[in-house]
Amino acid sequence: MSPLELRDAATPYEILSPEEVERIKVLRTRYPQGKSAILPALWILQRKEGILSADGMREVARAMDLPPGPVEAVASFYSMYFFKPHGRYVVEMCTNISCLLMGSNRVLERFQTQLGCAVGGTTEDGMATLMEVECLGACGAAPAAQINHRFFESLTPEKVDRLVGDMKADNLDLHQMPTGREVSAHRELVDLANPGANRVPLPPGGAAGTVVDLVKGAANLIPGGEHPADRGYTEAAEPPNQTPPPERPG
Amino acid sequence: MSDLTHIRLTRDIETPGLATLDGYRAWGGYRGLEKGLGMGPAEITQAVSDSGLRGRGGAGFPTGRKWTLMPAGKKPRYLVANADESEPGTFKDRYLMSRNPHLLIEGVILAARAVEADAAFIYVRGEYAEIQTVLETALAEAYAANLCGENILGSGWNLEVVVHGGAGAYICGEENALLESLSGNRGRPRPKPPYFPAAIGVYDAPTALNNVETLCNVPFIVERGADEFKSVGTERSTGTRLLCLSGHVKRPGVYEVPQGIPAMALINELGGGMLEGRKLKAVQPGGSSSQFLTAAQLEDTTMDAESIAAHGSMAGSGAVVVISEDQCIVEYTSRLADFYYRESCGKCTPCREGTFWLSRVVRRIEAGAGRPEDVELITSVCNNIDGKSLCALGEAAAWPIRSSVQEFEADFQAHVDAHACPYRDEQVNPAISGRQGDPEALVEARA
Ligand SMILES: Cc1cc2nc3c(=O)[nH]c(=O)nc-3n(C[C@H](O)[C@H](O)[C@H](O)COP(=O)(O)O)c2cc1C
Ligand code: SF4
Ligand code: FES
């Protein structure tokens, strides 16, 4: 064995399970160049930990036979990877153009008052993190949000009250059809609550249910009241249009 | 009304079971592939060229020509489906893929055969997590039915198809950024020239990259032929187009229309007209990157690339965002500026710095702290981005914002003069303030 393999054989993985390491190695074989599997591999890590911890990313790099640098560089580029612990529910409200036209600012305000945390923040009890995001591709049913990657559309302040109530009771209906109408693709093929369990087996190398169920990240709940769960590498988004930016001197 | 829509891709799209292989076959699916396996790559490409099909992803590049630009015989080579769909206002690819994943898969396999690709990738934005699972599930059925993988339907031809999920970045819809992301790098575009995907794409190999809707048209073209495809649409914008209607209309949604229908027919007849008591101010006809068309300009605009361009905008991603008089256009423009500032990848100076300043200056005008010279400043910053940035995100930011200060200079001036947003400040404009963003009234009005 090469020195690297000797080292690997000796020190077991602490965060990734043997199946997850194997999964990453299978994913690499699906691409002409294995490095392409960084994104799916990071999703496996985030589904496991709820965040991308520094140690976790090092283990992903190891499973990918890559130095940690490229993995962390890629991870920090994308907005959907989290580096700080967050709530069991991650509420991502779109405030882009079609949603702005339909009153998303007021829906976001209602989320803030009902959840009791600022945009970019996490509730006292670590139940939910509230974020503002860009267009989610639900503009025809604006204003729209995603909670743990499920769509919640045509939102009004009243609907927010019900949703937050469900979240507080920890029984938010994650099975709900995003557009309310029967979406044929969903009912037969995909069990939304546990996306890994598809009704039709995935191809051997398939990235098996990349829906991130952030609830599993509960182990990383932050004690209530700590600083907002920003993305670590990127500055937390400034709240839109409320306070004018400080004037630059001169 | 009947000639306003022409249903091809969205035929019976809500049929339960359409997403399964049996459901899709019952719908008439995979006949194009079976016929295509009997045709050579050049023959398929010729049919697509003859059909006049142009890219639905935004640039409108003729699809047949794009495929012929790939250097002959250079191996390996790849086919990539762009399912990143992140242009604000756009939701057609999601509509197609979530209900009829096999249509995209058939289109991908046929296109891969036309360009003799060794593998095909479907790059799906990270926010569409469910759709990745739906696509992978449908792909598993396709593999099981030997429609892709080894020795497809006994033709001796092999094709691996991989669904690849992104992780949140508007820039990764741009073709070179997408290919960088697919290669396992940060999604920062490589310059064109020399990195034209047809020549140097993913893994530096020739790559054909097409939008989901573009590829979903290929089965029809191969099965029914170019002439039937061209039987609807205009001379230069052939076939049907999925338009995404959103904003202050009664019936937002995806409408499959023959290209060339009047814009006002889309809004008033298909879209059911403006929401109660709201008057049309303007639209962005092609998503957030397109210049504004005012109500007056829309009167004689038809929904095809040529007519929209003639009126000073672009067809873009087919997203028609309808804005009423009650909406503060400066607030709307400020949200656009914030979007492009946040999503700029920062690789080149004009866009990185330019979008930063556009975001700050438009925001201070909306906040009532605008300076008299700000409108001119915005135009000058846009001119310093347009044509000077490394990828078209620069233009995607500069064009709509410059168009906004030009078309609606009076609105911007009113904010500067009043040191407030007239749409929000009770004293300045009691008649209108507060009405704009009331979701209770807006969403309930559609229910
Ligand atoms: C900033 C930016 C974002 C883009 N986003 C998308 C997108 O989300 N989906 C898409 O299909 N094309 C997008 N495009 C266009 C692609 O670069 C590319 O032209 C298109 O996908 C090619 O496919 P087509 O020829 O079938 O249209 C974007 C372009 C730019 C400059
Ligand atoms: S134009 Fe903007 S998005 Fe494109 S490369 Fe330059 S900085 Fe990045
Ligand atoms: S603008 Fe909010 S979903 Fe598209």
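Run down B:Y128, B:Y143 and say which single residue is free of Cβ contacts under 8 Å to residues at least 60 places away in the same chain, facing another protein chain (nearest Cβ under 8 Å), more than 24 Å from B:A167 (Cα to Cα) and not polar (S, T, N, Q).
On the way: B:Y128 fails: more than 24 Å from B:A167 (Cα to Cα).
Just a single option satisfies the conditions, and that option is B:Y143.
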- For the subset of the stretch B:182-204 comprising residues that are of a type outside the set (A, V, I, L, M) and not in a loop (DSSP other than H, G, I, E, B), which member is farthest from the other protein chains (Cβ to nearest Cβ)? B:D204
- Task: Considering every residue within the stretch A:157-167, establish whether at least one is assigned to a loop (DSSP other than H, G, I, E, B) and either free of Cβ contacts under 8 Å to residues at least 60 places away in the same chain or at positive phi (or both).
- Result: no
- Task: Give the number of residues within the stretch B:228-266 that are more than 14 Å from every other protein chain (Cβ to nearest Cβ), in a helix (DSSP H, G or I) and touching a residue at least 12 places away in the same chain (Cβ under 8 Å).
- Result: 5
- What do you reckon, is A:C99 touching a strand residue (DSSP E or B) at 6+ places or on another chain (Cβ under 6 Å) and either away from ligand 2 (no atom under 16 Å from the Cβ) or modelled with pLDDT of 95 or more (or both)? no
- Of the residues B:I7, B:I109, B:I105, which is over 30 Å from B:A397 (Cα atoms) and in contact with a Cys (Cβ under 6 Å, 6 or more places away or on another chain)? B:I109
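Having 1 or more residues that are within 28 Å of B:S289 (Cα to Cα), among the small types (G, A, S) and within 16 Å of ligand 3 (Cβ to nearest atom) is the bar; report the helices (runs of 4 or more DSSP H) wholly within the stretch B:36-131 that clear it.
B:92-99
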- Query: Within the stretch B:329-383, how many residues turn out to be within 16 Å of ligand 3 (Cβ to nearest atom) and among the small types (G, A, S)?
  - Reply: 2
- Just give me the residues in the stretch B:370-392 being within 13 Å of chain A (Cβ to nearest Cβ) and crowded, with 17+ Cβ neighbours inside 10 Å, in sequence order. B:G370, B:D374
- Note on the structure: Exception for B:D84 within (1) at pLDDT 95 or above; (2) on the phi < 0 side of the Ramachandran plot; (3) more than 16 Å from ligand 2 (Cβ to nearest atom) falls at (3)
- Query: Looking at this structure, is B:G168 surrounded by fewer than 23 Cβ atoms within 10 Å (Cβ to Cβ) and within 30 Å of B:S344 (Cα to Cα)?
  - Reply: yes
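Are any residues in the stretch B:327-361 in a loop (DSSP other than H, G, I, E, B) and either buried (at least 24 other Cβ atoms within 10 Å of the Cβ) or away from ligand 2 (no atom under 12 Å from the Cβ) (or both), and if so, which ones?
At the first step, the residues of the stretch B:327-361 found to be in a loop (DSSP other than H, G, I, E, B) are B:327-328, B:344-348.
Once the filter is applied, which keeps residues that are in a loop (DSSP other than H, G, I, E, B) and either buried (at least 24 other Cβ atoms within 10 Å of the Cβ) or away from ligand 2 (no atom under 12 Å from the Cβ) (or both), the stretch B:327-361 yields B:Q327, B:C328, B:S344.
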- Scope the stretch B:9-51; condition surrounded by fewer than 18 Cβ atoms within 10 Å (Cβ to Cβ), within 18 Å of B:L242 (Cβ to Cβ) and touching a Phe, Trp or Tyr at 6+ places or on another chain (Cβ under 9 Å); matching residues: B:R11, B:D12, B:T15
- Message: Could you check the stretch A:135-150 and list, in sequence order, the residues that are touching an Asp or Glu at 6+ places or on another chain (Cβ under 7 Å) and either within 8 Å of another protein chain (Cβ to nearest Cβ) or near ligand 3 (Cβ under 7 Å from one of its atoms) (or both)?
- Response: A:L136, A:G137, A:A138, A:A141, A:A144, A:Q146
- Task: Working only within the stretch A:116-145, note down all residues that are out of contact with any Cys (no Cβ under 8 Å at 6 or more places or on another chain) and either of a type in the set (G, A, S) or modelled with pLDDT of 95 or more (or both).
- Result: A:G116, A:A118, A:G120, A:G121, A:G126, A:G137, A:A141
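B:I44 - would you say it is hydrophobic (A, V, I, L, M, F, W, C), outside the structural domain of B:A117 (by TED's automatic domain parsing) and on the phi < 0 side of the Ramachandran plot? Talk me through it step by step, then tell me what you get.
Values: hydrophobic (A, V, I, L, M, F, W, C): yes; outside the structural domain of B:A117 (by TED's automatic domain parsing): no; on the phi < 0 side of the Ramachandran plot: yes.
In short, no.
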- Going by the structure shown, is B:Y128 at pLDDT 95 or above and either crowded, with 24+ Cβ neighbours inside 10 Å or not assigned by TED's automatic domain parsing to the domain that holds B:A26 (or both)? no
- Message: So B:S334 passes all but one of these: (1) under 19 Å from the mean Cα position of the chain (by Cα); (2) more than 30 Å from B:G233 (Cα to Cα). Which condition number does it fail?
- Response: (1)
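The values are calculated or read from the model by the stated rules, or taken from the named source; none is laboratory data. Because the structure is a prediction, the values reported are computed rather than measured. Every residue, glycine as well, gets a Cβ built from its backbone with ideal geometry; the counts of neighbours run over all protein chains shown.
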